[in-house]
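The values are calculated or read from the model by the stated rules, or taken from the named source; none is laboratory data. Just so you know, these numbers come straight off a predicted model, no measurement behind them. Virtual Cβ from ideal backbone geometry, glycine too; neighbours counted across all protein chains shown. With ligands, DNA and RNA removed, areas are computed over all heavy atoms of the protein, side chains included. Shrake-Rupley method; radii C 1.70, N 1.55, O 1.52, S 1.80 Å.
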Amino acid sequence: MYRKAIFFLIFSVIFFISCSILVGTVDIRSYFFPLLQSQPISSFPCAADPPLRVYMYDLPRRFNVGILNRRNLDQTPVTASTWPPWPRNSGLKRQHSVEYWMTGSLLHEGSEDGRDAVRVMDPENADAFFVPFFSSLSFNSHGRNMTDPATEVDHQLQIELMKFLSESKYWQRSKGRDHVIPMTHPNAFRFLRNQVNASIQIVVDFGRYPKAMSNLRKDVVAPYVHVVSSFIDDDPPDPYESRPTLLFFQGKTFRKDDGIIRVKLAKILGGYDDIHYERSAANEKSIKTSSQGMRSSKFCLHPAGDTPSSCRLFDAIVSHCVPVIVSDQIELPYEDEIDYSRFALFFSFEEALQPGYMVDKLRKFPKERWIEMWKQLKGISHHYEFQYPPKKEDAVNMLWRQVKHKLPGVKLTVHRSRRLKVQDWW
């Protein structure tokens, strides 16, 4: 009798645990493998999905790599064998070069292992369509400012491109909704941007656009391409003590819109021996000194600028300097996969502008927690590396994975649009 009771009890417990695991109310890892919970983000990927199949349009070089070298008049579409390296000493143009690295990732002819997107030559087999127009580089290269007559070159490129796309049956089929267009500079594609509102735009934030034009539902947030060198040999015996500066900032302090906070922070953070807050223009020399400063600092300040985000945040990540983000409307890359609160601190404008508040919080921040964040930064920094050829889970592969996440919503919209007889009520 007792044996039957014990057997029934054991069977009931096993049955309950099995059902809980199946419905997701019990995470067996937290009971039997608690160390897994503290591993670096993204270190335990699920079984690999097949790569996204992308059809890339063959555009004349004046739309992409021809902007890098305008002396070369060859207009044949670029290939893997003619793919040029990103130019050295390109300064801040590099921060908006996401378009270059995404194009290169599709041209690369190596193994598909670890790749989240591959190029297909038959558009009928494509999940998505990529438009290799270097819109940010075009804006940065054609004219010194918005009123420069040379910007007409950029305007004409946009006109030619939209004529080409509008004649494509694949653009017509979805009205461009399954087309991916990088435009990470806030002024990229500025002349005809309203004609690509439906497309999947690769942006760094939404600071200058109405929601009808660009939004999280359909678009992908990319990191800026970092301009400082990655910190490779960051293995001191005591990482906390090896960084004597408490908080570091170097950059322009007079900015538009929410960037006015930088001037206010300059006053609040002045007068501290262990806080470096320097007004500086971006050039090759300042990039080097900024890199040195970030590597010797515990925390790196990222206040809003002309738009909510900036390259400085990603420079801090690859320097393993814990970011302190003061930007109320910032959007961050890969946030459905990465929890930024595990390696960054966030302060609202209101909190940051209280004299002494932020500094007090940083001084009291436990050394053990800082070291854990530093370890997390080392574990995730490869997600912010743009390189050719691409590598598994680097920045460009993470972006293609984000594009893949958007496609079910694209299909839903396309399918609904084909049967609607009245204006969409959503």
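Just a few scattered comments:
- Sites TRP425 and HIS155 - FRET efficiency at Förster radius 30 Å, r taken between beta-carbons, to 0.05: 0.25
- Entry note, the stretch 300-342: relative contact order of 44 percent, from Cα contacts under 8 Å with a spacing of 6+ residues.
- Rolling a 1.4 Å probe across the protein heavy atoms gives the chain an accessible surface of 52 Å² per residue.
- Alpha carbon convex hull of the stretch 93-159, volume per residue in cubic angstrom: 115 Å³
- Stokes-Einstein translational diffusion, the stretch 245-383 - Kirkwood Rh over all Cα pairs, 1.567 mPa s, 4 °C, in µm²/s: 86 µm²/s
- Applying a threshold of 28 Å to the alpha-carbon distances of LYS288/LYS378; LYS264/LYS288; LYS175/LYS211; LYS252/LYS406; LYS367/LYS391 flags LYS252/LYS406; LYS367/LYS391 as lying beyond it.
- The distance between label points at SER286 and LEU353 comes to 2.4 nm (points 7 Å beyond Cα on the Cα→Cβ vector).
- Ranked by the mean number of other Cβ atoms within 10 Å per residue, highest first, peptides 91-102, 278-289, 161-172, 415-426 order as 91-102, 161-172, 278-289, 415-426.
- Mean residue ellipticity (222 nm) of the chain, computed from DSSP H runs ≥ 4 via -39,500 (n - 2.57), nearest 500: -10500 deg cm²/dmol
- P(r) weight above 43 Å for the chain, C-alpha pairs, percent: 20 percent
- Within the chain: Cβ-based charge dipole about Cα centre, in debye rounded to nearest 20 (Lys, Arg +1; Asp, Glu -1): 800 debye
- Distance between the pseudo-spin-label points of GLU337 and ASP113 (7 Å out from Cα toward the beta carbon): 1.9 nm.
- Cα-based reach from LYS169 at 21 Å (exclusive), listing lysines while leaving out same-chain residues under 8 positions away: LYS411
- Peptide ranges 390-401, 369-380 listed from the most packed, as the mean C-beta count within 10 angstrom indicates: 390-401, 369-380
- Fraction of accessible area attributable to carbon and sulfur, the chain (%, probe 1.4 Å): 56 percent
- Förster radius 45 Å - calculated FRET efficiency between LYS211 and ASN72, Cβ distance, rounded to 0.05: 0.65
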